[in-house]
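These notes are about the structure you will find just below.
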Amino acid sequence: MADQSGLYTPSAETQSSNDTKERKNVPGEGGETHQRGDGPALTTSQGIPVGDNQNTLRVGARGPALLEDFHFREKIFHFDHERIPERVVHARGYGAHGYFEATEDLSDLTSAHLFQEKGRRVPAFVRFSTVAGNKGSVDLARDVRGFAVKLYTEEGNWDIVGNNIPVFFIQDAMKFPDLIHSVKEAPDRAFPQAQSAHDNFWDFISLMPEAMHMVMWTMSDRAIPRSFRFMEGFGVHTFRLVTAEGKSQFVKFHWKPKQGLQSVIWDEAVKINGADPDFHRRDLWTAIQNGDYPEWELGVQVFDDAFADTFPFDVLDATKLIPEEDVPVRIVGRLVLDRMVDNFFAETEQVAFCTQNIVPGIDFTNDPLLQGRNFSYLDTQTKRLGGPNFTHIPINAPKCPFHHFQQDGHMAMHNPVGRANYEPNGWAQGGPRADPEKGHRSYPEQVDGEKRKVRGELFADHYSQARQFYISQTGIEQDHIASAIVFELSKVETPAIRERLVAHLPNIDKDLAAKVADGLGLKSVPKAHTPARTPVEGLKPSDSLSILKNGPDSFAGRKMGLLLTDGIDDDLLDGVMNAIKDAGGIFEVVAPKIGGIVTAGGKEVPAQQKIDGGPSVLYDAVVILASEDGAKALKGMHAAKTFAADAFAHGKFIGVGGAGAAFLKSSGIDSPDDGVIALNKKGDAKSFVSACAKVRFWDRLS
Ligand code: HDD
């Protein structure tokens, strides 16, 4: 617009995409188009109304900008400081709110307020994460997933900072920086990131036999979960439960997904990372927005000193688990996630978990990894969140009353009021006092020994449980482990590192060693490393360690991709859509054009994905409904053929209707098996969707 002086002054009205879209006062939600004047006045951080948010203050139309423009300076200054250091590990994460409910009264085991009564509920916040990649990396890296839970109890915040794998790579926190340096991008070239398939990682691991058990887990499909909703969580360490009378037992914490366990397969993971790097984030967001709230049961394995003394491994060793067959998991609570954050940075990025956050009735053990973690988390939050007052940030603040004498420091939001800021003091209003009855008391364990840099002798058994994990898997899962190791080591450029790693495998399983050696093209299996301690013979397979033996039992919570063309049968489509909804699943329509399709009956069906943006790897199962003309058109589309060919190659159930079967043939699927199910009439969809409960048509993959 030209004003009377002839100057051009772009204003908010001439800019189409700025602010003030509104629905229920949430900027950016709903409203169709930009409307001027229906939002609140824009102000600076100091609350001063802003008159112009498009132009800097300058002298004349083409003259120099003036330093005097305080609105400009504040805006740029603040933008320049938007980033905080990302987490040194677990940088990429996604969080949600919910609640935890005790489903058992555990007062015979712990004095924790939360467990004194069945049905007691507390708010919860959970952050899931990958470990190695940076904040902007992909969701389906082969990696451990963090499963960090903050419970806002009436006795303060209790953080269970766990993973989706029940054991860890190392036994002593002393080795953590080495482990993480080795897996992250190399310091000279700054690649590869968000993956362990490189020399540094396998060089380190091959020199650390204690990592072998966890390596079996990370090479399994546990490290490529289908969704955060379909994975387990573990507190990993042995903790203590302590009663009001001071009696203590050991405990291990488990989170078991009501949705069942499900993972993707490696070829899918690689392709998902390209098609939708935010696959896991989107999945959690969509489920919660749809009201399909994911739920986990809290399980505890409780055991006493007598069990610990006879168990063939050290219960303080985080590279070992306790099989559920030895100590059953007792379900004592449920965790439900039912609300996404209002703001990612304020909550998910600023949430600070600390293993040291435990409540009365819970205590640490002498696990050397846990002891080291208790230092690291508090330390890292101080740096990451800019000072000691990170507990003043709402997501980190307790939701119960709290009173202490900590004061001042950067960003102090609420200092104690009054004169007394020390204790003891003699003032009438003297402030809080320690309470020996209600306060946290450490379990008075007797300890004694020489002060030395050593580990317990049972820590030296590195292979027994690695073997137990391997033999607990189904044949398909064992194959996936072998292929994953071959894949990873094939990315290792130094042959000596490959061989050094393979030389551990005969100590775990001879067939596995042979398969991997063959896959790498080694002439023979290298001579096995000598174990530091004789492995325990005869450990039995444990079903709870397999994903496939603990899969979902319906299509609930899962997603179907419907590849549709114009001219398809209305009834058939209705049948498919209803059967998926009835089973508690969701679907997306994938079509040649994003404008959607028109059925034979003239109904317009909108698409959520254009075919090249919605590959079948994004779905748990697929349906292909095509008219004669539609099938011919699909034949000419590479993305459509890959959709079908990949779905088949990944063992997916495929429902085909109309000329869909003919199209499958032209996609190279000449001999469809029982996992390809014909949808001839409306009612066929129901049995198709029930078949999909099995996740994949495994016969095709074995
Ligand atoms: Fe850790 C973050 C889980 C060992 C030091 N860790 C972090 C997170 C999870 C875990 C889930 C992300 C929390 C979030 O979402 O903000 N870490 C584990 C588990 C371990 C483990 C299950 C072994 C049983 N960690 C471990 C050791 C050390 C650390 C041995 C150091 C001695 N971990 C950290 C850290 C992080 C962290 C540097 C980075 C960001 C943060 O803490 O908040 O302090």
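Here are some notes:
- Rg and Dmax of the stretch 382-536, based on Cα coordinates, read 28.0, 83 Å.
- Cα-Cα separations in the chain greater than 49 Å, expressed as whole percent: 25
- The stretch 610-702: trypsin sites (Lys or Arg not before Pro) falling in loop per DSSP and having at most 16 other Cβ within 10 Å: Lys681
- With Cα atoms defining each centre, the stretch 482-550 and the stretch 633-676 are spaced 36 Å apart in the structure.
- Counting only residues at least eight positions apart within a chain, or on another chain, the lysines with an alpha carbon under 22 Å from that of Lys635 are Lys271, Lys593, Lys610, Lys652, Lys665.
- For the chain, with +1 on Lys and Arg beta carbons and -1 on Asp and Glu, the positive-most of Phe311, His78, Ala607 along the dipole: His78
- Debye-sum result for the stretch 153-234 in log10 I(q)/I(0), which assumes one identical scatterer on each alpha carbon, at q = 0.17, 0.18 Å⁻¹: -0.81, -0.89
- Taking a ≥ b ≥ c as the square roots of the Cα gyration tensor eigenvalues, the stretch 622-702 comes out oblate, since a/c reaches at least 1.5 and a/b does not exceed b/c.
- Protection proxy ranking, highest mean first, for peptides 54-61, 318-325: 318-325, 54-61, where packing is the per-residue count of other beta-carbon atoms within 10 Å, averaged.
- Largest to smallest principal axis extent of the C-alpha atoms in the stretch 412-458, angstrom: 54, 28, 17
- What you get for the stretch 487-569, charging only the Cβ of Lys and Arg (+1) and of Asp and Glu (-1), is a dipole of about 480 debye around the Cα centre.
- Report summary: the helix-based calculation at 222 nm, which adds -39500 (n - 2.57) for every DSSP H run with n ≥ 4 and divides by the residues of the chain, gives -7000 deg cm²/dmol.
- Cα-Cα pairs of the stretch 197-325 separated by more than 26 Å (percent): 42
- Rolling a 1.4 Å probe over the heavy atoms of the protein chains gives the stretch 554-700 an accessible area of 40 Å² per residue.
- In the calculated pair-distance distribution of the stretch 70-392, the portion above 28 angstrom amounts to 41 percent of the Cα-Cα pairs.
- Global geometry of the stretch 551-595, whether rounded, prolate or oblate, following the gyration tensor of its Cα atoms and the 1.5 cut on a/c: oblate
- Note on the stretch 129-283: the C-alpha convex hull projects to 11.4 nm² when averaged across all orientations.
- Share of carbon and sulfur in the accessible heavy-atom surface of the chain [1.4 Å probe, %]: 52
- Overall size of the stretch 501-632 from C-alpha positions, given as principal axis extents largest first: 72, 33, 20 Å.
- Most to least packed among 113-120, 422-429 [average Cβ atoms within 10 Å]: 113-120, 422-429
- Rh by Kirkwood over Cα pairs, then Stokes-Einstein D for the stretch 554-700 at 1.567 mPa s and 4 °C, µm²/s: 89
- Centre separation in Å (Cα based) which lies between the stretch 396-421 and the stretch 189-204: 44
- Highest average first, the peptides 347-359, 472-484 ordered by how many other beta carbon atoms sit within 10 Å of their residues are 347-359, 472-484.
- Unit charges on C-beta of K, R, D, E only; dipole of the stretch 26-161, Debye: 600
The values are calculated or read from the model by the stated rules, or taken from the named source; none is laboratory data. A quick note: this is a predicted structure, and the numbers were derived from the prediction, not measured. Here Cβ is always computed from backbone atoms with ideal geometry, including for glycine, and neighbour counts include all displayed protein chains. Only protein heavy atoms, including side chains, enter the accessible area calculation; ligands, DNA and RNA are left aside. Shrake-Rupley method; radii C 1.70, N 1.55, O 1.52, S 1.80 Å.
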